[in-house]
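Enquirer: This structure is in structure tokens; I'll ask about it shortly.
No value in this document is a laboratory result; all are computed from the given coordinates. As the structure is a prediction and not an experimental result, all values here were calculated from the model. Note that we place each Cβ from the backbone using ideal geometry, even for glycine, and neighbour counts take in every protein chain shown.
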Amino acid sequence: LPAKFDWRDRAAVAPVQNQLACGSCWAFSVVGAVQSAHAIGGSHVELLSVQQVLDCSFKNEGCNGGSPSRALNWLKQTGVKLVPQSEYPYKAKSGICHFFSQSHDGVSVKSFTAHDFGGQEEAMMGQLLERGPLTAVVDAVSWQDYQGGIIQHHCSSQWSNHAVLVVGYDATGDIPHWIVQNSWGTTWGNEGYVYIKIGGNVCGIADSVAAVFL
Amino acid sequence: EADGEECHRRRRYFRDATKRHAFLNSFSTAPQSAKYGINQFSDLSQKEFRDLYLRASSDRAPLFSGPKTDR
């Protein structure tokens, strides 16, 4: 494992988005992982529609919440192709699902894996390298006040409540940490990113981690 | 009057936030450690913040049993 790895260095991560006042983090983390997998597969990074997942992933609840693995399961089961964000833009509120013909261009999910990497964050680093950016569900209660730096303390792993995208790690300094893309805009945290200490399952980062296959 | 009440409430949330910051920043002084302070969420109550932004859930995932990745 290299001491530091960041998929942003390989132009495989889309820019930070802002979910605004809508509980759609779960859709942002899933679409982020699909965008990255698509880019790693040889395309350029293309913004895909979060609103399509928000409106159409019927086993989730739109702005009232959802789970990345339920959304990935819906994408896998239905074979729905995610269309470019420009065709189905984000509105920060749940709406009626727009359907597209099977011949319409888009990116579909062939399968995904979801695992608990508790106690095995080094294996999670390997998964990140092999599979690309990973969706993760964390306890982000203390992130309301976060300004930057590496979270090490006072971030429990008892209650999963927020979904994010793990895009890299950096173990070169005193505090090895995950590099995590959030969906609260670039004015939050480290230009939209949060750093979480590796080891000890801080914030529950390793509890429910999914990788996408296209 | 309503504005005055709302303003008063937001000011209270802001004061609560500064108390949280002092508590959270007390855990580590290491230079790289996380810093907590005023940001775009500081005038929200913790409940408002949770209700608006913390709406994800996770389904129990199986423990990873793949190959141990050697460093």
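Enquirer: Label the range A:50-169 by shape, choosing from rounded, prolate and oblate, from the square roots a ≥ b ≥ c of the eigenvalues of the Cα gyration tensor; if a/c is under 1.5 it is rounded, and otherwise prolate applies when a/b is larger than b/c, oblate when it is not.
Expert: prolate
Enquirer: Okay, moving on. Rounded to the nearest 20 debye, what is the charge dipole size of chain B about its Cα centre when +1 sits on each Lys and Arg Cβ and -1 on each Asp and Glu Cβ? Don't skip to the end; give the middle numbers.
Expert: Values: 14 positive and 10 negative charges, 86 e Å.
Dipole size: approximately 420 debye.
Enquirer: Let me ask something else. Projecting each Cα onto the charge dipole of the range A:1-68 (Lys/Arg +1, Asp/Glu -1 at the beta carbon, about the Cα centre), which of A:PRO68, A:TRP7, A:SER43 comes out farthest on the positive side?
Expert: A:TRP7
Enquirer: Could I ask something else about it? How much mean residue ellipticity at 222 nm does the protein assembly as shown get from its helices, if each DSSP H run of length 4 or more adds -39500 (n - 2.57) and you divide by all residues, to the nearest 500 deg cm²/dmol? Walk me through the numbers before you get to the answer.
Expert: Working: 6 runs with 77 residues, N = 285.
Only helices count here, giving -8500 deg cm²/dmol.
Enquirer: While we're looking at this one, here's another question. What translational diffusion coefficient, to the nearest whole µm²/s, does chain B have by Stokes-Einstein, given a Kirkwood radius computed over alpha-carbon pairs, a temperature of 4 °C and 1.567 mPa s viscosity?
Expert: 82 µm²/s
Enquirer: Something else now. Using a 4.7 Å Cβ cut-off, which Cys residues in chain A lack a partner cysteine?
Expert: Here A:CYS25 come out as lacking a disulfide-compatible partner, given the Cβ-Cβ threshold of under 4.7 Å.
Enquirer: With bins 5 Å wide starting at 0, give me the P(r) of the range A:60-107 over every alpha carbon pair, in whole percents.
Expert: 5, 16, 24, 30, 21, 4, 0
Enquirer: Here's something else I'd like to know. Can you list residues whose amide H is under 5 Å from A:TRP184's amide H, if they're 5+ apart or on another chain and H is modeled 1.01 Å from N?
Expert: HN-HN under 5 Å from A:TRP184: A:GLN19.
Enquirer: For the protein assembly as shown, what percent of Cα pairs sit more than 35 Å apart?
Expert: Tail fraction, whole percent: 16.
Enquirer: Under a point spin-label approximation (7 Å from Cα along Cα-to-Cβ), what is the A:ASP6-B:PHE14 distance to one decimal in nm?
Expert: 3.4 nm
Enquirer: Put +1 on the Cβ of every Lys and Arg and -1 on every Asp and Glu Cβ in chain B; which of B:ALA56, B:LEU24, B:ALA2 then has its Cα farthest towards the positive end of the dipole?
Expert: B:LEU24
Enquirer: May I pose another question? One quarter of the convex hull surface, Cα atoms only: what value does that give for the range A:173-214 in nm²?
Expert: In nm², the orientation-averaged hull projection of the range A:173-214 is 4.2.
Enquirer: Right, next: If exposed means no more than 11 neighbouring beta carbons inside 10 Å and the site is in a DSSP loop, what's the longest run of chain A without any exposed trypsin sites (Lys or Arg not before Pro)?
Expert: Excluding the exposed sites themselves, the longest stretch runs over A:111-214.
Enquirer: For chain A, how many pairs of lysine residues have a Cα-Cα distance under 16 Å, where the two are 8 or more positions apart or belong to different chains? All intermediate terms of the calculation are to be shown ahead of the outcome.
Expert: Values: A:LYS4/A:LYS197; A:LYS59/A:LYS76; A:LYS76/A:LYS110; A:LYS81/A:LYS110.
Pairs that pass both the separation and distance tests number 4.
Enquirer: Would you work out which of A:GLN158, A:VAL109, A:HIS177 lies farthest towards the positive end of the dipole of the range A:64-214, given +1 charges on the beta-carbon of Lys and Arg and -1 on that of Asp and Glu, about the Cα centre?
Expert: Among A:GLN158, A:VAL109, A:HIS177, the one farthest towards the positive end of the dipole of the range A:64-214 is A:VAL109.
Enquirer: Compute the Rg/Rh shape ratio of the range A:109-214: radius of gyration over Kirkwood radius, all on alpha-carbon atoms.
Expert: The Rg/Rh ratio comes out at 0.94.
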